[in-house]
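A.B. asks: Have a look at this one before I ask anything.
The values are calculated or read from the model by the stated rules, or taken from the named source; none is laboratory data. Since this is a predicted model, take the numbers as computed values, not measurements. Cβ coordinates were reconstructed from backbone atoms using ideal geometry, including for glycine residues, and neighbour counts include every protein chain displayed. Please note that ligands, DNA and RNA were not included when accessible areas were found on the heavy atoms of the full protein model with its side chains. Shrake-Rupley method; radii C 1.70, N 1.55, O 1.52, S 1.80 Å.
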Amino acid sequence: MSVTAKKAFDIETSIRESKQPKPADIAARVKKLTAEAVGIDSHIDTVQRLLVMGEDLGKRWDVGHVDLPRLREGGMHAPFFALWVPVYFSGAEAVRRTLDLRDAMQTLFDAHADQIELATTAADIRRIVRAHKIAAFLSIEGGHTIDDDLRVLRMYYQLGIRAMTLTHSGNNNWADSSTDKPVHNGLTDFGKEVVREMNRLGMIVDLSHVADKTFYDALSVTNKPVIVSHSSMRALSDVPRNVTDEMLWALAKNGGVIGITFGEGFVNPKDADALRAAISMETTAPALTGRTLDDYAAEDVRKLFGTRVKVASTVEDVADHIDHAVKIAGIDHVGIGSDFDGVSGPPNGLDDISKMPALTAVLLERGYTEDDMKKILGENHLRVIREVTGN
């Protein structure tokens, strides 16, 4: 290389490097966003640890993925606490389990009223976060929990629950799941009634876990934006709960938001076998009721989520899914839906919710602006909440 060419190369390199974010700049911006962003994670399963383990989430734990101190450290000020009911709870037992989980959340609200408060609207979330408290938004995971009764759905609404996935890992009597053999060809007529009633009440329709046909049926019925609370990109990891690009386009047209999930297999295809094994374990249906069923479920929770498994996925992989979703659906339709405390193997670098600033840093390094990040970290979900609940 000639002296002149080398000089030109050095000048170009210097200009290019000057445009790259400096580590100190990134760190300062991450700190600012951690403090200022609303911080919505549209799916965490931490209620299981309240009900099964009886943990006091007011203190920082070395186990699990979420507690109040770690929510604050991660800047996730307004998580969706999912009342997850395994599909082996059916009928009245599923209703009972949902109420037990709601009661477990109430114990947290009562024990730490100075740190956490129930939020049922976007205005609630704004107010509670401004008061430097955690705003807990309650959702139900699994439409089987209503026991095919709209009156039960309405009572859940009265208990402050504002979102519900139409299915979980198995079909119910009115909707097909993404991880079961289709029997309804999507939504039945009653399933469409459920969607309409959720619209009327002001409950968010959540389309994670549903079969592709169920997804499109729900979009054809709803008159409000929906969410896909904890799914990622099928183009990057081909598992059923992840969404296709076509589904992303339809979601964006609806005005909805996808919460990018972190769990094994959803992010990196090298982890997909472990994911399929976990799904197979969860769908086992024991012929049990009452306390015996509760004991079985408690052991199931400890077995599935009690220890961390090694995974190939990384924080960069999660950022790749966000990049893809933004490219297909647009920045206004992408958020976070980690599935923390509902997965055995979160990505390396995102070991628990306190590590969320690491993801923010990677995305800022990739060129996302602070306004972009505020949308991903809550503003997009907040818009859907406001449009569905009315305030």
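A.B. asks: Taking every DSSP beta bridge that has both residues in the chain, what percent is antiparallel when rounded to the nearest 5?
C.D. replies: 5
A.B. asks: Let me ask something else. Which residues' amide hydrogens lie under 5 Å from the amide hydrogen of residue 169, considering only partners 5 or more residues apart or on another chain, with H built in the peptide plane?
C.D. replies: 87
A.B. asks: Now a separate question. Can you give me the relative contact order of the chain as a percent, contacts being Cα pairs under 8 Å and 6 or more apart?
C.D. replies: Relative contact order comes out at 21 percent.
A.B. asks: Hey, what's the stretch 163-245 come to in accessible area per residue, 1.4 Å probe, Å²?
C.D. replies: So the stretch 163-245 comes to 32 Å² accessible per residue, rounded to a whole number.
A.B. asks: For residue 134, what accessible surface area do you get with a 1.4 Å probe? Give it in Å², rounded to 10.
C.D. replies: Answer for residue 134: close to 0 Å² accessible.
A.B. asks: Would you tell me the accessible area of residue 59, worked out with a 1.4 angstrom probe on the heavy atoms of the protein chains, in Å² to the nearest 10?
C.D. replies: The value for residue 59 is about 110 Å².
A.B. asks: Once the other residues with Cβ under 13 Å from the Cβ of residue 96 are scored (Lys, Arg +1; Asp, Glu -1), what is the net sum?
C.D. replies: -2
A.B. asks: Which residue, 208, 237, 42, tops the fluctuation ranking in a GNM of the chain built on C-alpha contacts under 10 Å?
C.D. replies: In this elastic network of the chain, the residue with the biggest mean-square fluctuation among 208, 237, 42 is 237.
A.B. asks: Report, in degrees rounded to the nearest 10, the 0 to 90 angle that the Cα long axis of helix 315-329 makes with the longest principal axis of the chain.
C.D. replies: Once rounded, the angle reads 80 degrees.
A.B. asks: Still on this structure, I have one more. By how many degrees, between 0 and 90 and to the nearest 10, does the Cα long axis of helix 245-254 differ from the longest principal axis of the chain?
C.D. replies: 80
A.B. asks: List the relative contact order of the stretch 218-370 as a percent without decimals, with contacts defined as Cα pairs under 8 Å and 6+ residues apart.
C.D. replies: Reported as a whole number, the value is 28 percent.
A.B. asks: Can you tell which of 72, 97, 154 shows the greatest fluctuation in a Gaussian network model of the chain with Cα springs below 10 Å?
C.D. replies: 154
A.B. asks: In degrees between 0 and 90, to the nearest 10, how far off the longest principal axis of the chain does helix 3-19 point, with axes built from Cα atoms?
C.D. replies: 30
A.B. asks: Report in % the part of the accessible area of the stretch 119-185 that belongs to carbon and sulfur, leaving out ligands and nucleic acids; probe 1.4 Å.
C.D. replies: Answer for the stretch 119-185: carbon and sulfur cover 48 percent of the accessible area.
A.B. asks: Could you go through the stretch 27-43 in sequence order and give the Karplus-derived ³J(HN,Hα) for each residue, using 6.51 cos²θ - 1.76 cosθ + 1.60 with θ = phi - 60°, rounded to whole Hz, and x for Gly and Pro?
C.D. replies: Each residue of the stretch 27-43 in turn: 4, 5, 5, 4, 4, 5, 5, 4, 7, 9, 5, 4, x, 9, 10, 7, 6 Hz.
A.B. asks: Shifting gears a bit: Hey, which of these cross-link pairs are over 21 Å Cα-Cα: 59/355; 213/270; 133/224; 270/375; 59/133?
C.D. replies: Those over the limit are 213/270; 133/224; 270/375.
A.B. asks: Suppose only helical runs count, i.e. DSSP H with n ≥ 4. What mean residue ellipticity at 222 nm does that imply for the chain under -39500 (n - 2.57) per run, divided by all residues and rounded to the nearest 500 deg cm²/dmol?
C.D. replies: -14000 deg cm²/dmol
A.B. asks: Relative contact order of the stretch 300-391, please, whole-number percent, based on alpha carbon pairs below 8 angstrom and at least 6 residues apart.
C.D. replies: Result for the stretch 300-391 is 35 percent.
A.B. asks: Additional query: Please give the solvent-accessible surface of residue 245 in Å², to the nearest 10, using a probe radius of 1.4 Å with every protein chain present.
C.D. replies: 40
A.B. asks: If I build a Gaussian network model for the chain, linking alpha-carbon pairs within less than 10 angstrom, which residue out of 28, 37, 287 has the largest mean-square fluctuation?
C.D. replies: With Cα springs under 10 Å in the chain, the top fluctuation among 28, 37, 287 is at 287.
A.B. asks: Among (1) 21.0, 82; (2) 22.7, 69; (3) 27.1, 85, find the value of Rg and Dmax of the Cα atoms in Å that was calculated from the structure presented, and write down its label.
C.D. replies: Recomputing Rg and Dmax of the Cα atoms in Å here gives the entry labelled (1).
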